[in-house]
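First comes the structure, then the notes that go with it.
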Amino acid sequence: MHALIIFVFSIIPLNTTGFQFGFNELGYLLVILFLLFFSIMMSASEAAFFSLSPSDTDSLGNEDSKKSKTILYLLEKPRDLLATILITNNLVNVGIIIVSSYLINSLYPASYSNLSRWLIDVIGITSFILIFGEVIPKIYATRNILRTVKLTSNMLYYLNKFPPISWFRFFLVGGTSLFKNFFKKKKVKISSDEIEQALALTKEESSTDEEQKILEGIVKFGNTEVSQIMKSRIEISALDQKTDFHHVLLHIKESGYSRIPIFEDTLDNIQGILHIKDLLPYLSVSSDFNWKQFIRKPFFVPENKKIDDLLKEFQVLKMHMSVVVDEYGGVSGLLTLEDILEEIVGDITDEFDETEIIYSRIDDNTFVFEGRTSLIDFCKVFDIDQKDIDEAKGDADTIGGLIIEQAGRILKNNEFVICGPLKLTVESSDKRRIKMVKASRINIENE
């Protein structure tokens, strides 16, 4: 109060004729001080409540007191709390301005210059509210957070409950939610191609090629279909369920796989999956051992299923292998959990894997591939964008299939097709399939 009186009298020329400070002026001053008290409490509470750290809220939760429970109750609805503080603070500040205007009108007769009145109204009152009602309380509150929160919690609790503040709060929070929903920003759809371009543009010098490939693999992951990365039908190592146990063990040794599909009569009639670990206790039994009791139910998926969806199903079903079938129900290939993960992190090998050379490099622009090499692997090795051959590949998933799609038949040795920027020459083929293909860049050859 002393500070306020000193401030008021410092801006008022006491020696001016007509100046009077009577009972009405004292009443105005007391009202201003009362409103200033609320302004100080609201400003301090705003800074304190929204500066509480997780450790502060934990300590309040451990306290078994009514005040701590009140504080936690207010923090459960931060939007309502903030609305109560802001509404009260604004109403109080407006009240201070109005009452101050009455006080100034009473102290300054109309005969005084407009400039003096304007300086007091604008600069004096604004500075007064800013310094004493905003800056000082918030500085104190940030340095004494818990003390301020406990000091103002009961006041905020009652202001939050009782009208007219509760009415204003209800309309403010409700109106804010309404406007937020009405003017909600439209979701920006970004294609995977745009993300790939962004990755290429934002590549840092410190990032390695392996890191960049992992990021690109994540971007392409959701658009990759099962048929693009599956092991084709001719590569499946499967067993007929009529095979005796002795030959089953021999096949397991030769294949080196931990899971083997089991079929009846033909590969299109898959009966289940045999997990090799189930047979470990029975390695020394006779050939007539009934190993078929360990066959587990197969998991069939269509060719066009996205591998990100399949990965989720693998996690839910706790499975590692799926049988890929075409639209007619015939077996197209196999896909494992490892195949899916390799699309992101690259090839995963262990001490039992044999390194297969699926291509040979003649020079920087010419490679020789097996006809069964997948187009995804082909594009990675040849360092080209798969979009360059998307229109030409049709339903093909391998290099040999791409050539057949383009030519309409199985080409003989030394015959070739032009596919985008590439010339694909058949190095070896038979009546059933294309075995080896030489791929070279056309623009390099023309030069």
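Table for the structure above
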read-out: Test for residue 83: is it among the hydrophobic types (A, V, I, L, M, F, W, C), more than 18 Å from residue 130 (Cα to Cα) and at pLDDT 80 or above; value: yes
read-out: Residue check for residue 395: of a type in the set (Asp, Glu), over 17 Å from residue 370 (Cβ atoms) and not in a helix (DSSP H, G or I); value: yes
read-out: Within segment 291-301, tally of residues that are surrounded by fewer than 16 Cβ atoms within 10 Å (Cβ to Cβ) and within 18 Å of residue 224 (Cα to Cα); value: 1
read-out: Residue satisfying all of: in segment 430-443; modelled with pLDDT under 85 and closer than 18 Å to residue 409 by Cα; surrounded by the fewest Cβ atoms within 10 Å (Cβ to Cβ) among these; value: 431
read-out: Helices (runs of 4 or more DSSP H) enclosed by segment 129-239 - at least 1 residues per element that are at pLDDT below 85; value: 145-161, 165-182, 192-201, 209-221, 226-229
read-out: Some residue of segment 341-361 being modelled with pLDDT of 90 or more and of a type in the set (A, V, I, L, M); value: no
read-out: Residue 369 in a helix (DSSP H, G or I), aromatic (Phe, Trp, Tyr) and either surrounded by fewer than 15 Cβ atoms within 10 Å (Cβ to Cβ) or not assigned by TED's automatic domain parsing to the domain that holds residue 231 (or both); value: no
read-out: Residues (aromatic (Phe, Trp, Tyr), closer than 23 Å to residue 170 by Cβ and part of a helix (DSSP H, G or I)) located in segment 35-80; value: 38, 49, 73
read-out: Filter result (among the small types (Gly, Ala, Ser) and surrounded by fewer than 16 Cβ atoms within 10 Å (Cβ to Cβ)) within segment 248-282; value: 255, 256, 258
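The values are calculated or read from the model by the stated rules, or taken from the named source; none is laboratory data. Just so we're clear, the structure is a prediction, and the values are computed from it rather than from any experiment. Neighbour counts are summed over all protein chains in view; Cβ atoms, including those assigned to glycine, are modelled from backbone coordinates with ideal geometry.
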